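Working notes, structure below.
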Amino acid sequence: MDRKDKAILKALQQDATMTVGDIADKIGLSKSACWRRIQALEDDGVITARVTLLDREKLGLDLTVFTGIRTHEHTQQWFDGFYAMVTAMPNVMEVHRLSGDVDYLIRAVIPDMRSYDEMYKEMIAKVDLFDVSSSFSMETIKYTTALPLDYLK
């Protein structure tokens, strides 16, 4: 990956609606060369999707909750049930398996506290959870979907 590829990725992370011509002009390539590079980045799996980001608050999703899950079961059967549950919940945005005291961390966006209570009840009804501890975001100081590219050589 060279500096032109990095420039393409940076441009697409800032605005995926840019035309190939706009990207080519921005980074100093011909349209066809830029298009070939974008195709290669897609073929290599570096570019996995092009999406539209929505304003969650304008959609009434005013509350972000981070939920730490601890379990005493570390079996494939338990994990399969947990996986099925969290992947089916549309308000769950991210799930991470962690090292340390907390086994899983969930980030969800919800309209209000009542919706969180419904989410909590759904989780404990579907999967045996030892401990569920949630924190609610009071303010988002930084949020980005753009991955850092400066470290690439």
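See the values below:
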quantity	calculated
Where LYS10 falls short, out of the listed (1) among the charged types (D, E, K, R); (2) touching a residue at least 60 places away in the same chain (Cβ under 8 Å); (3) under 30 Å from TYR120 (Cα atoms)	(3)
Qualifying position, being in a helix (DSSP H, G or I) and of a type in the set (A, V, I, L, M), among ALA16, ALA49, ALA108, ALA33	ALA33
Residue within the range 138-146 that is in contact (Cβ under 8 Å) with a residue 40 or more places away in the chain, loosely packed, with under 14 Cβ neighbours inside 10 Å and not in a loop (DSSP other than H, G, I, E, B) present	no
Hits in the range 61-102 (condition: surrounded by 15 or more Cβ atoms within 10 Å (Cβ to Cβ) and touching a strand residue (DSSP E or B) at 6+ places or on another chain (Cβ under 7 Å))	LEU61, LEU63, THR64, VAL65, THR67, GLY68, ILE69, VAL86, ASN91, VAL92, VAL95, VAL102
Which numbered condition ARG97 fails, given (1) in contact with a helix residue (DSSP H, G or I) (Cβ under 7 Å, 6 or more places away or on another chain); (2) closer than 22 Å to TYR143 by Cα	(1)
Tally of residues being surrounded by 15 or more Cβ atoms within 10 Å (Cβ to Cβ) and either in contact with a strand residue (DSSP E or B) (Cβ under 7 Å, 6 or more places away or on another chain) or farther than 19 Å from PRO148 by Cβ (or both) across the range 27-57	6
Test set (1) at pLDDT below 95; (2) surrounded by fewer than 14 Cβ atoms within 10 Å (Cβ to Cβ) - MET1 fails condition number	(2)
Positions within the range 87-114 being in contact (Cβ under 8 Å) with a residue 24 or more places away in the chain and small (Gly, Ala, Ser), in sequence order	ALA108
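The values are calculated or read from the model by the stated rules, or taken from the named source; none is laboratory data. What you see is a predicted model; the values in this text were computed from it and never measured. Reconstructed Cβ throughout: ideal geometry from the backbone, glycine too, with neighbour counts over all protein chains shown.
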